[in-house]
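A short write-up of the structure that comes next.
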Amino acid sequence: MNTAQTTFVEDMGQLMVGWGIPRNTGRIWPYLLLEREPASLDDIVEALGIAKSGASVAARQLVQLGIARAAGQAGTRRVLYEALYTIDAIIEARNVQLHALVSRLRQGARAASAGQGRRKLEAMADWCDAFAAEMPMMVRRLERRRAK
């Protein structure tokens, strides 16, 4: 990888840590995005300088997140990984977290004594709930716009 690619991989890894995704998982996805062909664990390990066991766990996490695909290589036990060029899975994962936040805010509103605190928690929950409801529609609008 050249300097710009390495910077991209490292910056994405750090960004994804803020999303609760382990750093190596966050580094492998941009690496796969940059690759022209599916990559083996050996390719990933060599390019990123990480342990094979860590690369294996991270690559499987990317598949579980829906932002990478794993495919067996014919005639071998080797698995190849490739990035999926879609942001839908990331948005869906954030939406799941947002719904969990709404649940906790509503729990807090029920636990709060009547008054200002309860109203603020309910307002936050309502706003987050409305935002979560808008996300799928926004994704569909953007997909339609991109398809034109």
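The values are calculated or read from the model by the stated rules, or taken from the named source; none is laboratory data. Remember, it's a predicted structure, so these values are computed and weren't measured experimentally. Every residue, glycine among them, receives a Cβ derived from its backbone with ideal geometry; neighbour counts consider all protein chains shown. Surface accessibility is based on the protein's heavy atoms, side chains included, excluding ligands, DNA and RNA. Shrake-Rupley method; radii C 1.70, N 1.55, O 1.52, S 1.80 Å.
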How far is it, in nm, from the label point at Q73 to the one at Q14 when both lie 7 Å from their Cα along the line to the Cβ? 3.3
Student exercise, the chain dipole from Lys, Arg, Asp, Glu Cβ charges, in Debye to nearest 20: 600
Per its Cα gyration tensor (rounded if a/c is under 1.5, else prolate when a/b beats b/c, else oblate), segment 14-57 is best filed as oblate
Tell me, what is the FRET efficiency for I90 and D42 to the nearest 0.05, using R0 = 25 angstrom and their Cβ-Cβ distance as r? 0.40
For Cα extents along the principal axes in Å, several values are listed as [x] 64, 40, 33; [y] 38, 34, 33; [z] 55, 39, 35; flag the one computed from this structure. [x]
Run the numbers on the chain and let me know its relative contact order in percent, using alpha-carbon pairs under 8 Å that are six or more apart. 15
For segment 64-139, the per residue accessible area (1.4 Å probe, Å²) is 66
Would you please classify the overall shape of segment 65-110 from the alpha carbon gyration tensor, given that a ≥ b ≥ c denote the square roots of the eigenvalues, rounded means a/c under 1.5, and beyond that prolate means a/b larger than b/c while oblate covers the rest? prolate
Which trypsin sites (Lys or Arg not before Pro) from segment 1-87 combine a DSSP loop assignment with at most 15 other Cβ atoms within 10 Å? R36, R77, R78
